[in-house]
Amino acid sequence: MKVLGIMGSPRIKGNTDLLLDEALKGAQSRQAEVEKIVVDKLKIAPCREYYGCLKDGNCVIRDDMDAIYPKLLAADAIIVASPIFFYTVSAQTMVFISRCQTFWARKYVLKNLDIPTRKGAFISVGATKGEKLFDGPKLTITYFFKAINAEYAEELLIRGVDQRGEIKEHPTALNDAFELGKRLVTSGSGRGNS
Ligand SMILES: Cc1cc2nc3c(=O)[nH]c(=O)nc-3n(C[C@H](O)[C@H](O)[C@H](O)COP(=O)(O)O)c2cc1C
């Protein structure tokens with residue numbers, strides 16, 4: 001089983017990064033093959049609405065997304081991890097998501113997104129503690145997952161964590177992330193876990 005982690009924070013070894021690492025370790029502990037993509041390290045342009053994808057399902061922009069599309073297609077589970085920036089996901093995460101309009105075009109327009117439904121998990125962390133902190137990004141990630149044929153199966157949403165690495169002081173978060181990663185593998189997926 002392949003688990004793909006999308007790391008959407010610009011802060012390496014920051015809170016999102018540490019949580020995602022734990023989740024991937026959890027998946028690995030159940031023999032999953034894991035890969036982490038650090039969006040900020042890649043050259044990925046935002047969607048420019050050229051709409052090449054509406055013709056044949058492929059994006060006409062040539063950049064580091066070229067290598068990520070096949071990984072997204074092959075993954076049995078996908079974890080999106082992002083800090084909260086202005087009550088939504090980071091710009092890095094959103095740029096990556098916007099380029100997945102190709103999947104939306106294949107699924108809803110061309111009707112040829114021929115892959116089984118996979119598991120999707122959302123990991124996020126924000127500094128404040130408001131009740132609505134994750135409302136916006138949860139909607140975004142839900143519809144992102146729908147577009148790539150994934151179900152919103154798991155979430156780990158941590159409030160009140162701000163400084164780089166402060167997540168290590170949280171009483172449960174890192175362990176919760178590890179367990180989330182394990183569950184993604186054990187709870188089954190559209191393929192590879194039968
Ligand atoms: C540009 C920017 C916008 C932010 N906006 C919010 C916000 O709207 N709500 C919030 O609770 N925290 C906000 N934060 C705080 C981060 O979510 C918080 O520091 C988080 O722990 C960063 O995670 P990281 O270490 O993975 O990057 C913001 C931080 C930055 C840099």
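The values are calculated or read from the model by the stated rules, or taken from the named source; none is laboratory data. All values reported here derive from a predicted model rather than from experimental measurement. Ideal geometry is used to build each Cβ from the backbone, glycine not excepted, and the neighbour counts take in all protein chains shown. All accessible areas refer to the heavy atoms of the entire protein, side chains included, with ligands and DNA or RNA removed. Shrake-Rupley method; radii C 1.70, N 1.55, O 1.52, S 1.80 Å.
If you fit an axis through the alpha-carbon atoms of helix 15-28 and take the longest principal axis of the Cα set of the chain, what angle between them do you get, 0 to 90°, nearest 10?
80 degrees
Using a 10 Å cut-off on Cβ atoms, rank the peptides 32-39, 49-56 from the highest mean neighbour count down.
Per-residue mean Cβ counts within 10 Å order the peptides as 32-39, 49-56.
Counting only protein heavy atoms and using a 1.4 Å probe, what share of the accessible area of the stretch 1-95 belongs to carbon plus sulfur, as a whole percent?
55 percent
Ignoring everything except DSSP H segments at least 4 long, calculate the 222 nm mean residue ellipticity for the chain; use -39,500 (n - 2.57) per segment, divide by total residues, nearest 500.
Per the formula, -10000 deg cm²/dmol.
So how far, in whole Å, is the C-alpha centre of the stretch 1-37 from the one of the stretch 82-116?
About 19 Å separates the Cα centre of the stretch 1-37 from the one of the stretch 82-116.
Output the peptides 153-163, 128-138, 16-26, 79-89 sorted from most to least packed, where packing is the average of other Cβ atoms within 10 Å over each peptide's residues.
With the highest mean Cβ count within 10 Å placed first, the list reads 16-26, 79-89, 153-163, 128-138.
Using only the Cα atoms of the stretch 48-154, what do you get for the radius of gyration and for Dmax, in Å?
Using the Cα atoms of the stretch 48-154, the pair Rg, Dmax is 14.3, 44 Å.
Hey, what's the stretch 101-150 come to in accessible area per residue, 1.4 Å probe, Å²?
47 Å²
Here is the link list: K41/K132; K111/K146; K71/K129. Which ones come out longer than 24 Å on Cα distance?
Exceeds cut-off: K41/K132; K71/K129.
Pick from I115, I167, I97: which is most flexible by mean-square fluctuation in a GNM of the chain where alpha carbon atoms under 10 Å apart are linked?
Result: I115 has the largest fluctuation of those listed.
Relative to 2.2 N^0.38 Å, what does the C-alpha radius of gyration of the chain come to as a ratio? Two decimals please.
0.98
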